[in-house]
Amino acid sequence: MSPAADIWASLPVPALLIDADDRILEINAAAEGFLNVSAKSVVGVPIWDQVNVDSPLEEAFARARTYETPLFVNDVDVGGGQRAPLQCALQIAPLQGAPGQMIMLISPRELAGRITQHDSVKSAAKSAIGMAEMLAHEIKNPLAGITGAAQLLSMSLSKDDLELTDLIVEESRRIVKLLEQVEQFGNLSPPDFREVNIHDVLDRARRSALLGFGANMKIIEDYDPSLPMAQGDPDQLLQVVLNLLKNASEAAGNDGGTIRLHSYFEHSFRLRRADGTGRSLPLQVEIIDDGPGLPEAIKADVFDPFVSGRENGTGLGLALVSKIISDHGGSISVTSVPGKTVFRLSLARAPKQTKPKKEV
Ligand SMILES: Nc1ncnc2c1ncn2[C@@H]1O[C@H](COP(=O)(O)OP(=O)(O)O)[C@@H](O)[C@H]1O
Ligand SMILES: [Mg+2]
């Protein structure tokens, strides 16, 4: 293939070549996909029969051809024979060296808008949490009243009926626990940045896990002893590691399993922001378990609040983890298949002038 043909075939944007009589001469692979037709079947078809645009373009198009100038059209709905209209931008230009022929690029708005859409999902999650915080606060008082009333009532009840008041008290406790987790979000203060020895944090989390929720787990330390100090809030990072260890222990179930705490240095790891700037996050911590893996149905959303795969889960553990790490300017990611789930934290190195280390 000639370079021109290669470029044409590789263009990730739907593109059409139109002859002097407004008929389709050629379309690229992306346009085949976009219009849901084969290139063969549309050659020779009048362009405006195949590409349905909601505003009259013929005149502007003819003018662009006559004066050999490009034409840009924003925010038009473009439909094909088989597909629903989609909001697009059109870029049209005369083809150099081929009088009368025009090239048309179709950019679906969806492609351009995708990054910001992610941001709006994030802010939706934020306002969901804000709402939940307010509710949590409002529900706690009446709930205390209900629990108290049930306890008073239980004093004058027969043994059989006691079961019912016990149920009220028990379930109210569960709600209070959930509400307290929701409130944790609101109370989360900005990180108090210090020089942190990540291995101290991991050790402390490991010991406390083994004494409590992780008693039936084996937790292996696999540390890079030359890892430099991180910049972070030791208490908040401890909370992060505890949440991850807790999830891994819960996923393993009664039979237990193995968790590996892996630290290493990756010089080239950078977090790229939307504005093109980047931040170096060379300290890597992986929490690896050999449990069943993330449930397929929630895999894509585990960091969102209220997403849980467990019967009595709140779905707030990983949301809190993700909030803390993002307040740290760090990044968290997960890869998971049955038998191997890896949560990876990437953190910044402590700069020279950070506050000295605090005992964790
Ligand atoms: N290590 C893991 N292995 C398997 N599943 C996990 C693991 N960590 C998290 N998950 C899944 O992600 C869900 C969300 O976790 P989390 O946000 O902590 O909420 P919760 O623990 O309250 O359900 C869990 O319910 C579980 O299904
Ligand atoms: Mg959890």
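The values are calculated or read from the model by the stated rules, or taken from the named source; none is laboratory data. Source: prediction; values computed, not measured. Cβ placement follows ideal geometry from the backbone for every residue including glycine, while neighbour counts extend to all protein chains displayed. The accessibility values were calculated without ligands, DNA or RNA, using every heavy atom of the protein model including side chains. Shrake-Rupley method; radii C 1.70, N 1.55, O 1.52, S 1.80 Å.
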Residue pairs within 6 Å by beta carbon, gap of at least six or interchain, first lying in the range 43-70 and under 27 Å from ALA29 (Cβ atoms), second open to solvent by 50 Å² or more (accessible area, probe 1.4 Å) and of a type in the set (D, E, K, R), listed first then second, are GLY44/ARG23; PRO46/ARG23; ASP54/ASP77
The condition of being more than 25 Å from ARG109 (Cβ to Cβ) and open to solvent by 50 Å² or more (accessible area, probe 1.4 Å) holds, among GLU68, GLU58, only for GLU68
Within the range 275-321, residues within 6 Å of ligand 1 (Cβ to nearest atom), closer than 23 Å to SER189 by Cβ and of a type outside the set (A, V, I, L, M) come out as THR314, GLY315, GLY317
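Go through the range 210-268 and tell me which strands (runs of 3 or more DSSP E), entirely inside it, have 3 or more residues that are open to solvent by 60 Å² or more (accessible area, probe 1.4 Å) and more than 23 Å from PHE303 (Cβ to Cβ). Lay out the reasoning, then the answer.
Values: elements: 217-222, 230-232, 257-265.
Counting at least 3 such residues, we get 217-222.
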With the first residue restricted to the range 191-218 and required to be farther than 22 Å from GLY257 by Cβ, and the second required to be aromatic (Phe, Trp, Tyr) and surrounded by fewer than 20 Cβ atoms within 10 Å (Cβ to Cβ), Cβ contacts under 6 Å at 6 or more apart or on different chains are HIS199/TYR223
Within the range 274-304, the residues that are out of contact with any helix residue (DSSP H, G or I) (no Cβ under 6 Å at 6 or more places or on another chain), among the aliphatic types (A, V, I, L, M) and within 16 Å of ligand 2 (Cβ to nearest atom) are LEU294, ILE298
Open item on the list: Among the residues of the range 286-296, are any open to solvent by 30 Å² or more (accessible area, probe 1.4 Å) and without any contact (Cβ under 8 Å) to a residue 12 or more places away in the chain?
Closed with: yes
In the range 323-338, anything open to solvent by less than 40 Å² (accessible area, probe 1.4 Å), more than 18 Å from ILE288 (Cβ to Cβ) and within 16 Å of ligand 2 (Cβ to nearest atom) is listed as ILE324
How many residues of the range 305-322 are more than 10 Å from ligand 2 (Cβ to nearest atom) and modelled with pLDDT under 90? The answer is 4
